[in-house]
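One structure is given below, encoded as structure tokens.
The values are calculated or read from the model by the stated rules, or taken from the named source; none is laboratory data. The structure presented is a predicted model; accordingly, all values stated were derived computationally and were not measured. Backbone-built Cβ (ideal geometry, glycine too); neighbour counts: all protein chains shown. Note: accessible area is taken over every heavy atom of the protein model, side chains too, but ligands, DNA and RNA are not part of it. Shrake-Rupley method; radii C 1.70, N 1.55, O 1.52, S 1.80 Å.
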Amino acid sequence: MKAETNTRSSYSNLVYTALIIAAVAVAMTFPGPFTKIGDFPLKKLIVPLLQIIMLGMGTTMSIKDFEGVIKQPKAVFIGVSCHFLIMPLLGFTLANVFKFPPEISAGVVLIGCSPSGLASNVMCFIAKANVPLSITITTLATLLAPFLMPALMTLLAGQFIQISFLKMMVEIMEIVILPVIVGLALNRIFHKSALILNRIMPLISMAGIVLIVAIITATGRDSLLTVGWTLALCVLIHNLTGFTLGYWGARLFGMDEQSCRTVAIEVGLQNGGLASGIAVQMGKVATVGLAPALFGPIMNTTGSLLATYWSQHPPKEVMQIDTLSRPVDA
């Protein structure tokens, strides 16, 4: 049963990645349908779509998701700290090394300052990592985002463009915290209905993120044609270095193999959708929003490959559990 579930998750994740890559290709080739419908600019859909996605995340959450903070406080602290130290500093360093125009550089920093990616829990499951730890880190990083993202953006991206701390904090609260709170309330009050939502919302979230990526790609097509391959290389280095430093950072603090894999995935995967929403609110989706748009398909491709590789090389502790739980032949 576990193998069947694992295979199904891997397949779904690969389909999702393929859809995002296809969305980028189609939007680059035929940008028109993804920029406007009549006089209505489609970029105005990005924030409402993100709020729906975060509402769905809220319906899947409960108080139990925070038990990990009590059960594994050291691991949670290390995971969240690694995420908000490694990725922002990497983004700032790479933006300076590649010397992009100021607004595109700010986008590289923005994706680095974002909380964990929504796909990280699935990736951790496939990779035979510590899923409860993954859920706790993702949840805590998301809830800390309204405070840490504006602070880090002011400190780092403020060297490229002007950043308003309070304005960004309010925008993240509107995009993330309020929908998540509503989702939590729905889960609490209408538990049976929430179970139905739990089955539907992942599909809606996938479709929403694919559409967001297509809209941003189409809107920023001219800038992408100028810096596209260089920016893609920068984003790839950002993502892969995040995986590497996250893993070895956890190793440095003596964490077990499962938890090291979890921290690697939580550090390397970013919430590109939230970063895109912030770029929209800044009125710079065609420039600041480009790095988040590229990060999505790249992180899903590399994350899928890494998770699949790790699934074929389970940690020793997991192998021992599987061996002990396997029925003995008569």
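Details
- Qualifying residue in region 148-169 (condition: within 18 Å of the chain's Cα centre (by Cα), of a type in the set (A, V, I, L, M, F, W, C) and modelled with pLDDT under 90): no
- Among all positions in region 246-267, there is no residue which is within 20 Å of residue 161 (Cα to Cα), open to solvent by 20 Å² or more (accessible area, probe 1.4 Å) and out of contact with any His (no Cβ under 7 Å at 6 or more places or on another chain).
- Checked against (1) under 20 Å from residue 261 (Cβ atoms); (2) open to solvent by 70 Å² or more (accessible area, probe 1.4 Å); (3) modelled with pLDDT under 80, residue 60 meets all criteria but (1).
- Meets criteria (under 22 Å from residue 143 (Cα atoms) and among the β-branched types (Val, Ile, Thr)) for residue 108: yes
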